[in-house]
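One structure is given here, and the rest of the page talks about it.
The values are calculated or read from the model by the stated rules, or taken from the named source; none is laboratory data. These numbers come from a predicted model, not from an experiment. As a convention, Cβ positions derive from the backbone with ideal geometry for all residues, glycine included, and neighbour counts pool all protein chains shown. Heads up: the accessible areas ignore ligands, DNA and RNA and are worked out on the full protein's heavy atoms, side chains in. Shrake-Rupley method; radii C 1.70, N 1.55, O 1.52, S 1.80 Å.
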Amino acid sequence: MNYDDFADLYDHQYDLYRDDLHFYAGVAERAAGPVLEVGAGTGRVTAHLARRGVDVTGLEPSGRMIARAQQRAAEGGLGLKMVQGDVKTFRLDQKFALVIAPFNALMHLYTPNEQLQALENLHAHLQPGGGLAFDLYLPRFGKPNTLRHEGETLHAPDGSRTDIFLVQRHDRVRQHITTEYHVDTTAPGGALTRRHYTLTQRYYTRYEVEWLLRFAGFESPRVTGSFQGGPLERGSEVMVFQTRAL
């Protein structure tokens, strides 16, 4: 997934997402050591941790996302440590007390081989007994192959408005969900501009993740159904995993 063209829309959509910040700040502060964030995007979580005094490095494959993250941080008088790289193949000299992968970052690993390669690489970058924490959404989707508007309308200072429509296509055999975004911007004079973006994610089941973690050298994880620590239940929206390197 190439996020370079997706960076501005991503930033607008998720800038105000706060559900996970308290959780990741808590695990990062308890780690009492350097933290690596996988899939740092435009720095939403990275900046939050840095403001709290966490020694955090953000790993992100998209150069444009990194530039956006550093620009936003600089506007707030904050410096961020960001590294461009792929979670499967990056190499850093530093070892970390904790690795985090917020907001479905691991859903950009599309095959079991890619998943295992990434987890083994993260294991190699952890200090002995270092922690790993991440979240994944549960595989429940809207009506497929149907254009829909989910209430996302962005208003710009120049008076233009942007409406975000999407179509989802579900490949059950490969456990892929592909979302095609149609982003319509209407200028004050009525002129319409449409942009297209495609996002493919590979979803997981709980026990699939547990076996992958154990095969990659991690402890059997603690699994919850919310960032507040509640049990994973039928109505849960996320799966939150916490484990340690063996």
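Inside region 160-175, can you point out the residues that are assigned to a loop (DSSP other than H, G, I, E, B) and open to solvent by 50 Å² or more (accessible area, probe 1.4 Å)? Even if it seems obvious, please write down each step before you answer.
Filtering region 160-175 for residues assigned to a loop (DSSP other than H, G, I, E, B) gives 160, 172-175.
Across region 160-175, the qualifying residues are R172, V173, R174.
If T111 satisfies all but one of (1) of a type in the set (S, T, Y); (2) buried (at least 17 other Cβ atoms within 10 Å of the Cβ); (3) over 30 Å from E29 (Cα atoms), what's the number of the condition it fails?
(2)
Tell me which residues, restricted to region 73-94, are of a type outside the set (A, V, I, L, M) and touching a residue at least 40 places away in the same chain (Cβ under 8 Å). Give the derivation first.
Initially, region 73-94 is screened for residues of a type outside the set (A, V, I, L, M), giving 75-77, 79, 81, 84-86, 88-91, 93-94.
Result: Q94, single match.
From the list L59, L98, pick out the single residue that is touching a Phe, Trp or Tyr at 6+ places or on another chain (Cβ under 7 Å), within 30 Å of G225 (Cα to Cα), surrounded by 14 or more Cβ atoms within 10 Å (Cβ to Cβ) and at pLDDT 95 or above. Break it down stepwise before answering.
Values: L98 fails: touching a Phe, Trp or Tyr at 6+ places or on another chain (Cβ under 7 Å).
Sole residue among the options that is touching a Phe, Trp or Tyr at 6+ places or on another chain (Cβ under 7 Å), within 30 Å of G225 (Cα to Cα), surrounded by 14 or more Cβ atoms within 10 Å (Cβ to Cβ) and at pLDDT 95 or above: L59.
Could you list all residues from region 128-159 that are of a type in the set (K, R) and in a strand (DSSP E or B)? Write out each step before concluding.
Looking only at region 128-159, we keep the residues that are of a type in the set (K, R), and these are 140, 143, 148.
Once the filter is applied, which keeps residues that are of a type in the set (K, R) and in a strand (DSSP E or B), region 128-159 yields only R148.
In region 176-236, which strands (runs of 3 or more DSSP E) lie fully inside it and hold 3 or more residues that are open to solvent by less than 30 Å² (accessible area, probe 1.4 Å) and touching a residue at least 12 places away in the same chain (Cβ under 8 Å)? It would help to see each step written out before you state the result.
Values: elements: 176-186, 192-202, 222-224.
Result: 176-186, 192-202.
If you check every pair at least six apart or on different chains, which have Cβ atoms under 6 Å apart with a residue in region 122-149 that is open to solvent by less than 10 Å² (accessible area, probe 1.4 Å) first and a residue that is among the β-branched types (V, I, T) second?
Listed pairs, sorted by first residue: L122/V99; L132/V99; L132/T243; A133/V27; A133/I100; D135/V238; D135/V240.
Filter region 14-56 down to the residues that are of a type in the set (F, W, Y) and at pLDDT below 95 and list them by number. Break it down stepwise before answering.
The initial filter retains those residues of region 14-56 that are of a type in the set (F, W, Y), namely 14, 17, 23-24.
Passing the criteria: Y14, Y17.
Taking region 26-43, which residues are of a type in the set (D, E, K, R) and surrounded by fewer than 24 Cβ atoms within 10 Å (Cβ to Cβ)? Quick ask: steps written out before the conclusion?
Going through region 26-43, the residues of a type in the set (D, E, K, R) turn out to be 29-30, 37.
E29, R30, listed by residue number.
Being open to solvent by 20 Å² or more (accessible area, probe 1.4 Å), at pLDDT below 95 and among the β-branched types (V, I, T): is that true of T89 here?
Taking the combined requirement at face value, the residue does not satisfy it.
Out of region 73-86, which residues are open to solvent by less than 50 Å² (accessible area, probe 1.4 Å) and not aliphatic (A, V, I, L, M)? Working first, answer last.
Within region 73-86, the subset open to solvent by less than 50 Å² (accessible area, probe 1.4 Å) is 73, 78, 80, 82-83, 85.
Correct list: G85 only.
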